[in-house]
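Report on the structure given below.
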Amino acid sequence: MTAGEGNELSRQRRWRRVGALVLWSVTSLVVFIAAWQAVIAIFHPAPYVIPTPHDTYFAVTQNWSSIWPLAVGTFRETLYGFAAGAALGFFLAVAMYKVRIFRSLSYPFIIASQAIPIIAIAPILVLVIGFNIYPTIIIVAWIVFFPVTINTLDGFLNLDADLLNLTRVLGARRWRRFWFVELPGAVTPLFSGLKIGAAYAVTGAIIGEQADSSGSSLFQYQFAANNSSRTDLVYGLTIVMMAIGLLWFVLIVGLDHLATPWKHRPTSRRWRDRGKTASTPSLQNE
Amino acid sequence: MGVSTSTVLRINGVRKTFANNVALAETSLELTAGSFTSLVGPSGCGKSTLFNVISGLLRPDTGSVVLGDRDITNSTGHVGYMLQKDLLVPWRTVLGNITLAAALTRKVTAQDRREAEENARRYGLGEFLHHYPGALSGGMRQRVALMRTLATNQSLLLLDEPFGALDSQTRLDMQQWLLQIWADLKKTVIFVTHDVDEAIFLSDRVVVMSPRPGRVVADIVVDLPRPRTLETLTDPAFVDFKREVLRLLHRSST
């Protein structure tokens, strides 16, 4: 086998995998809508209890000009909150890994932070900080940082002890070892934490929107729709919120893919790996 | 052999105990520059303990390790070290792994990369320079691990069962490949193995160890001619050495 063939083979395999993924996603969506339709056909619920998929779809499209800017607003809240939470979660994990005393001291507080019912303190946050986007950002960050910290720290603590010993034998410097061995070694659990955080980020944003009752937001719009018995619109808005969460999840999966090329490619295609060496492009052995 | 040959490594009365368990009884060894020495013995005979002391990962209870004229007891960064686990980092390419030691201590220079590439090409890794370790076979991975060890430019290499996980065919190829590199680069090698054939085939000297407590029971000079080839393995003199080592191993384990 030459290197070139290996590349070609894996590229084919990769596209086949992406294709399969899309196919299964579409299939599960079709099955879901069919089941929804079936429930209506069998039990004949009132439309204000369970609207049809058809009504739900049109409730969203007909109000799209109102929904779109609110959805963008919710997305922005998750963006800022997620970025803040991910950064906080990552740096906490690094500090807890590197400073053992800090790890012991902070662990109980980190666990306790998640035992606080966030719905209960959201109104307090709004009172203290004000009727603006910041309470929502804090809530999202509060939810996101936790899985990032816990997973990343586990990743650091489970690094191969023999590998760390080897870096010592090689005379590694502390931060160079962190950058070239410890951090890349924990990148997979880091992304696991980010994926969990991404899935929860929208929930946090909606909790924030609920507490900020004066703002115009996706939640307040849904609340109004509920009050006027527009169940189809309530369902549709729920799906919009879910879509934002899904979008985040897909973004993180994509980022994970880009950050870990060694998991799905036989060779590197970074310019630094390919360009700087004076190698001939020939793959034959001389 | 005589006093005139230059000693590169001197292990003076090194002893190591773990929780009242003597892992390594007082041991002294001297290695001459450019020699190839194997340590053989059953599990628990203190081979790995001795390696960890030489590499500076473990602090001995007594004794010292002197490399050249420098006392390196309890200090790391003076020897090349390789284990049965290749310990390649999956996120760096073959070249990236070979230059890892440089990356961990300072900035990787164009010179480092050029040397890494030349060595990789010369010793059969030319096709795989930009491959990730995940795409390589076990034998190829061990070659990369040895290249990484060589790239540290240390004169003394500690190889702890580097071919232990390979199938016998690949292992034989790797042994000949290692001998070629050793002859080219004139390194001093200490090689740990369970495999008596491997120890005799590779070495100038076979040190037999026994467990509980780990200690040296015999030190045999293997004066088979070099270069050694497949025929060496069936040479009557080779078989005599093998009989002798097996006898020592068995006596010491009963």
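The values are calculated or read from the model by the stated rules, or taken from the named source; none is laboratory data. Every value quoted in this text rests on a predicted model; they were computed, and no experiment measured them. Glycine gets a Cβ as well: all are built from the backbone with ideal geometry, and neighbour counts include every protein chain shown.
Numbers for the structure displayed
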{"item": "Matching strands (runs of 3 or more DSSP E) fully within segment B:2-70 where at least 3 residues are more than 21 Å from B:MET82 (Cα to Cα)", "result": "B:7-18, B:21-32, B:62-67"}
{"item": "Test: residue in segment B:79-97 that is within 25 Å of A:GLY185 (Cβ to Cβ), more than 9 Å from chain A (Cβ to nearest Cβ) and over 18 Å from the mean Cα position of the chain (by Cα)", "result": "yes"}
{"item": "Positions within segment B:106-116 being assigned to a loop (DSSP other than H, G, I, E, B) and either in contact with a His (Cβ under 8 Å, 6 or more places away or on another chain) or more than 9 Å from every other protein chain (Cβ to nearest Cβ) (or both), in sequence order", "result": "B:LYS107, B:VAL108, B:THR109"}
{"item": "Count of segment B:1-47 residues which are in contact with an Asp or Glu (Cβ under 8 Å, 6 or more places away or on another chain), at pLDDT 85 or above and of a type in the set (S, T, N, Q)", "result": "4"}
{"item": "Residue selected from segment B:129-142 under the condition assigned to a helix (DSSP H, G or I) and facing chain A (nearest Cβ under 7 Å), by the criterion surrounded by the fewest Cβ atoms within 10 Å (Cβ to Cβ)", "result": "B:GLY134"}
{"item": "Residue match in segment A:7-29 (condition: at pLDDT below 90, farther than 27 Å from A:LEU194 by Cβ and surrounded by 16 or more Cβ atoms within 10 Å (Cβ to Cβ))", "result": "yes"}
{"item": "Residues (within 19 Å of A:ASP256 (Cα to Cα) and in contact (Cβ under 8 Å) with a residue 24 or more places away in the chain) located in segment A:160-195", "result": "A:GLU182, A:GLY185, A:ALA186, A:VAL187, A:THR188, A:PRO189, A:LEU190, A:PHE191, A:SER192, A:GLY193, A:LEU194, A:LYS195"}
{"item": "Among (1) surrounded by fewer than 16 Cβ atoms within 10 Å (Cβ to Cβ); (2) in contact with a helix residue (DSSP H, G or I) (Cβ under 7 Å, 6 or more places away or on another chain), the one test that B:ASP69 misses", "result": "(2)"}
{"item": "Flag for B:LEU158 being under 12 Å from the mean Cα position of the chain (by Cα), part of a helix (DSSP H, G or I) and hydrophobic (A, V, I, L, M, F, W, C)", "result": "no"}
{"item": "A:GLN210 vs. criteria more than 19 Å from the chain's Cα centre (by Cα) and either farther than 30 Å from A:ILE150 by Cβ or not assigned by TED's automatic domain parsing to the domain that holds A:ALA84 (or both)", "result": "no"}
{"item": "Test for B:ASN119: is it outside any strand (DSSP E or B), more than 8 Å from every other protein chain (Cβ to nearest Cβ) and in contact with a Lys or Arg (Cβ under 8 Å, 6 or more places away or on another chain)", "result": "no"}
{"item": "Flag if A:VAL202 is part of a helix (DSSP H, G or I) and within 24 Å of A:LEU125 (Cα to Cα)", "result": "yes"}
{"item": "Per-region count, segment B:198-237, residues surrounded by fewer than 18 Cβ atoms within 10 Å (Cβ to Cβ) and farther than 24 Å from B:LYS16 by Cβ", "result": "15"}
{"item": "Residue check for B:ALA103: within 7 Å of another protein chain (Cβ to nearest Cβ) and assigned to a helix (DSSP H, G or I)", "result": "yes"}
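One line per residue, one yes/no per condition, for (1) more than 14 Å from every other protein chain (Cβ to nearest Cβ); (2) surrounded by fewer than 20 Cβ atoms within 10 Å (Cβ to Cβ); (3) modelled with pLDDT under 95; (4) in contact with an Asp or Glu (Cβ under 6 Å, 6 or more places away or on another chain):
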{"site": "A:LEU190", "(1), (2), (3), (4)": "no, no, no, no"}
{"site": "A:ALA211", "(1), (2), (3), (4)": "yes, no, yes, no"}
{"site": "A:SER229", "(1), (2), (3), (4)": "yes, yes, yes, no"}
{"site": "A:ALA243", "(1), (2), (3), (4)": "yes, yes, yes, no"}
